[in-house]
1. Would you mind stating whether LEU186 is modelled with pLDDT of 70 or more and in contact with an Asp or Glu (Cβ under 9 Å, 6 or more places away or on another chain)?
2. Could we say that SER61 is open to solvent by less than 30 Å² (accessible area, probe 1.4 Å) and in contact with a His (Cβ under 7 Å, 6 or more places away or on another chain) here?
3. For segment 278-288, state whether one or more residues are open to solvent by 90 Å² or more (accessible area, probe 1.4 Å) and at pLDDT below 75.
4. Out of THR72, THR46, THR98, THR105, which single residue is over 25 Å from ILE151 (Cβ atoms) and β-branched (Val, Ile, Thr)?
5. Considering only residues that are touching a residue at least 60 places away in the same chain (Cβ under 8 Å) and of a type in the set (Ser, Thr, Tyr), which ones fall in segment 117-144?
6. Of all residues in segment 121-168, count the ones that are within 22 Å of THR98 (Cα to Cα) and in a helix (DSSP H, G or I).
7. Give me the pairs, please: first residue somewhere in segment 230-244 and at pLDDT 75 or above, second residue anywhere and not in a helix (DSSP H, G or I), beta-carbon distance under 7 Å, and either six or more positions apart or on two chains.
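The values are calculated or read from the model by the stated rules, or taken from the named source; none is laboratory data. Treat the numbers as computed from the prediction; the structure is a model and nothing was measured. No Cβ is skipped: glycine too gets one built from the backbone with ideal geometry, and neighbour counts run over all protein chains shown. Areas reflect the complete protein model, heavy atoms only, side chains present, ligands, DNA and RNA absent. Shrake-Rupley method; radii C 1.70, N 1.55, O 1.52, S 1.80 Å.
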Amino acid sequence: MAATGIIDEMRRGFSRSTMLMKLVWINIAVFVLLRITAIVCMFAGTPGFLEEVMRQVQLPSHLSTLATRPWTVITYMFSQYDVLHILFNLLWFYWFGTLFRMVSTPRQMLALYIYGGLGGAVMFLLAYNLIPTFAYTHGWLIGSSASVIAIVTATAILMPDFRMHLLFIGSVSLKWIAIATIGLVLIGVTGSNAGGEFAHIGGVIVGAWYGLMMKRGQDITRPLNRLFDMFVNGWHSITSIRLRNKTPESSYKYQSSSASSPSIDDDDRAQLDEILDKIKKSGYAALTPEERKRLFDVSRRMK
């Protein structure tokens with residue numbers, strides 16, 4: 001009973017979390033599962049099993065191998081095994097994801113996270129299958145870095161003059177942080193993790209695409225979110241049919257991004273839309289202190 005109560009409490013906490021924290025917790029959960037598997041395999045004397053588990057979540061560079069495990073295009077971007085790898089990725093994601101929430105919706109964050117991961121996968125596969133340097137090597141890609149750097153790049157484009165206080169450096173505009181990050185990625189292409197750095201470039205391209213298109217009033221995440229709507233609505237329709245005889249008075253309807261959030265009212269949403277329109281036209285720096293405070297307050301209450 002105690003274990004069941006803990007699981008139920010964790011489930012409720014997850015459902016109440018923001019999209020940013022949901023993605024963080026998913027990454028942590030996969031990391032913990034992989035580490036527990038490693039411990040079990042070590043004591044059981046079966047290291048080969050851990051290697052096979054890792055092969056089921058990592059993205060392979062060979063297209064023939066990928067054809068036998070296509071799910072790795074998605075699983076790799078939620079998986080980390082090294083402690084420093086997950087620590088750096090999630091800290092970076094949390095810092096910039098908090099700012100990203102000010103100018104975008106939770107659904108856009110989820111879609112851009114996935115887009116960034118897919119962009120990283122495409123660049124990784126192109127590098128290993130087209131560049132002669134990788135002709136006789138077999139690489140494996142794991143980690144949320146491409147997804148995270150897509151969020152970083154998009155945030156820097158949407159809020160270029162927003163300043164962050166960095167330890168030992170002081171106040172720095174987001175655009176310079178993003179430029180430095182991209183510079184390190186390009187330098188890393190010639191290093192030992194060249195394949196992974198190509199994936200980072202894919203994330204940068206996707207993030208820049210999203211940010212520039214949003215400034216023009218176009219949302220590239222809309223097709224993916226429509227696909228999410230279709231699947232979720234279909235699932236709710238199936239479950240409502242199964243439960244109709246038991247709960248005839250109940251109805252199940254998916255609430256899309258156009259529906260009102262329970263945590264904000266119509267006035268909040270109208271003001272938020274006006275502020276976002278101003279950011280698209282003139283940038284974040286054009287906001288007054290009152291508008292910035294309002295934007296932060298409303299975005300914090302949105303799930």
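1. yes
2. Yes; evaluated as a whole, the condition is true for this residue.
3. Within segment 278-288 (the criterion being open to solvent by 90 Å² or more (accessible area, probe 1.4 Å) and at pLDDT below 75), the answer is yes, since at least one residue qualifies.
4. After ruling out the rest, the residue left standing is THR46.
5. Selection gives TYR128, THR133, THR137, SER144.
6. 14
7. Once the first residue is at pLDDT 75 or above and sits in segment 230-244, its partners that are not in a helix (DSSP H, G or I) give VAL232/TYR254; ASN233/TYR254.
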